[in-house]
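One structure below.
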Amino acid sequence: MFVLGAILMPDAARADFTCSICHKDLVQGSVPHKPVAAGRCMDCHKQFNDNHPLGKDSMGFKVPKQNLCAGCHPHVVKKKFLHKPVGTGECTGCHMAHSADVKYLLKDRSPELCFRCHARARYTGVFTHAPVANGECLACHDAHQADGRSLLRKPGSELCFLCHDAKPFKGKSVHNPVAAGECVNCHAIHGSPYRKLLKGDYPTELYRPFNSDAFPLCFTCHDPALAEAPKTDRITKFRNGDRNLHAVHVNKPGKGRSCKMCHNPHAEVQDRLIYPKAYGFGSWEIPIKFEATQTGGGCSVGCHRTLRYDRVNPVVQ
């Protein structure tokens, strides 16, 4: 049982008078605010005159309510970006002032507390990020403040690598958004209708009929024209003279090769994100040896003989 502290009544009435005589219901939870547990009500409250308990406005806060918590907890308001209720001093939007049944005096556990303000529907999908599914919002977000937007604990891919191994995202060639730490260019943070939390469809089959909508995720950034025109002198670097070799491989009404057959979406040990092996052909992992040159390159694979290309001086095969 906690005894709430004494108040500054007139001398004749002050003897043995404690706040808990009247305020019996302030400490009902199993987790008390420390000054409450110590009976130090006056750490936060102030008696303005001797009219308490009957006089209106005779009791109040030592400082304006929106500044009160920061007086003892200044470390939660030091960074550039603040959680909105923190910035406005509405700490009691999430915390109980006197006691609670949840650690840190929270009004509820995560994620139910978060969903009091943030619409639950925005954080669900056919595929859900594991910490979201587990209600671990604080695995990625700080509850009070951060140096970057969205209260993220780390910027860009640094946050992702708190959980995900960084090794698969390094290599001789690295996809531009990966190199820039912009995982969110391709992946949804919380939930997605697409596997791997992708923002668009990324076909898993090795072959698919080609059209401008065949690879929605890739074509979010890459111009589908790179695989459409049989001849070009600018749309793609994968060409022999002006013969578009992307079109040769991809632009087919039936068995057009998908992006994933040759390219790793993250990073690879070869140039141009080319896999050293093509997977998906049963037990046969088709070897791919790719070498880039200043104006072209060459490819040795299990499915055809070594072929070379050059954008400036076309190679006659």
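Quick notes
- Residues in segment 211-223 that are without any contact (Cβ under 8 Å) to a residue 12 or more places away in the chain and either hydroxyl-bearing (Ser, Thr, Tyr) or part of a helix (DSSP H, G or I) (or both): Phe219 alone.
- Pair list, Cβ < 7 Å and 6+ apart or interchain, from segment 162-174 residues that are among the polar types (S, T, N, Q) to residues that are surrounded by 12 or more Cβ atoms within 10 Å (Cβ to Cβ) and outside any loop (DSSP other than H, G, I, E, B): Ser173/Ala267; Ser173/Glu268; Ser173/Asp271; Ser173/Arg272; Ser173/Leu273
- Residue check for Val126: closer than 27 Å to Leu217 by Cβ, touching a residue at least 24 places away in the same chain (Cβ under 8 Å) and open to solvent by less than 60 Å² (accessible area, probe 1.4 Å): no
- Of the residues making up segment 82-94, those that are under 21 Å from the mean Cα position of the chain (by Cα), in contact (Cβ under 8 Å) with a residue 40 or more places away in the chain and open to solvent by less than 50 Å² (accessible area, probe 1.4 Å) number 2.
- Only one of the listed residues (Ala119, Ala97) is touching a residue at least 60 places away in the same chain (Cβ under 8 Å) and of a type in the set (Gly, Ala, Ser). That residue is Ala97.
- Any hit, segment 69-76, residues being closer than 30 Å to Ser192 by Cβ and either open to solvent by less than 60 Å² (accessible area, probe 1.4 Å) or more than 30 Å from the chain's Cα centre (by Cα) (or both): no
- Count of residues meeting criterion [surrounded by fewer than 19 Cβ atoms within 10 Å (Cβ to Cβ), closer than 26 Å to Gly280 by Cβ and touching a residue at least 12 places away in the same chain (Cβ under 8 Å)] in segment 225-237: 2
- Listed here are the strands (runs of 3 or more DSSP E) enclosed by segment 243-315 that have at least 1 residues being open to solvent by 50 Å² or more (accessible area, probe 1.4 Å) and closer than 20 Å to Pro168 by Cβ: 277-281, 284-292.
- Flag if Arg208 is free of Cβ contacts under 8 Å to residues at least 60 places away in the same chain, of a type in the set (Lys, Arg), farther than 27 Å from Cys137 by Cβ and surrounded by fewer than 17 Cβ atoms within 10 Å (Cβ to Cβ): no
- When we screen Gly256, Gly302, Gly282, Gly296 for residues that are farther than 26 Å from Leu198 by Cα and modelled with pLDDT under 90, the only hit is Gly302.
- When residues of segment 180-200 are limited to those that are of a type outside the set (Val, Ile, Thr), in contact (Cβ under 8 Å) with a residue 60 or more places away in the chain and touching a helix residue (DSSP H, G or I) at 6+ places or on another chain (Cβ under 9 Å), the one surrounded by the most Cβ atoms within 10 Å (Cβ to Cβ): Cys186
- Hey, Lys167 among the charged types (D, E, K, R) and closer than 26 Å to Pro64 by Cα or not: no
Rundown of residues vs (1) acidic (Asp, Glu); (2) surrounded by fewer than 13 Cβ atoms within 10 Å (Cβ to Cβ); (3) farther than 14 Å from Ser99 by Cα, yes/no style:
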site	(1), (2), (3)
Asp25	yes, yes, no
Ser30	no, yes, no
Ala37	no, no, no
Met42	no, no, yes
His45	no, no, yes
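Quick grid of which residues meet (1) aliphatic (A, V, I, L, M); (2) in a loop (DSSP other than H, G, I, E, B); (3) at pLDDT below 95:
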residue	(1), (2), (3)
Gly5	no, yes, yes
Met9	yes, yes, yes
Leu26	yes, yes, yes
Val36	yes, no, yes
Lys56	no, yes, yes
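- Only residues that are over 22 Å from Ala292 (Cα atoms) and assigned to a loop (DSSP other than H, G, I, E, B) were counted in segment 224-242, giving 2.
The values are calculated or read from the model by the stated rules, or taken from the named source; none is laboratory data. Nothing here was measured: the structure is a model prediction, and the numbers come from that model. Using ideal geometry, Cβ is built from the backbone for each residue, glycine included, and neighbour counts are taken over all protein chains shown. With ligands, DNA and RNA removed, areas are computed over all heavy atoms of the protein, side chains included. Shrake-Rupley method; radii C 1.70, N 1.55, O 1.52, S 1.80 Å.
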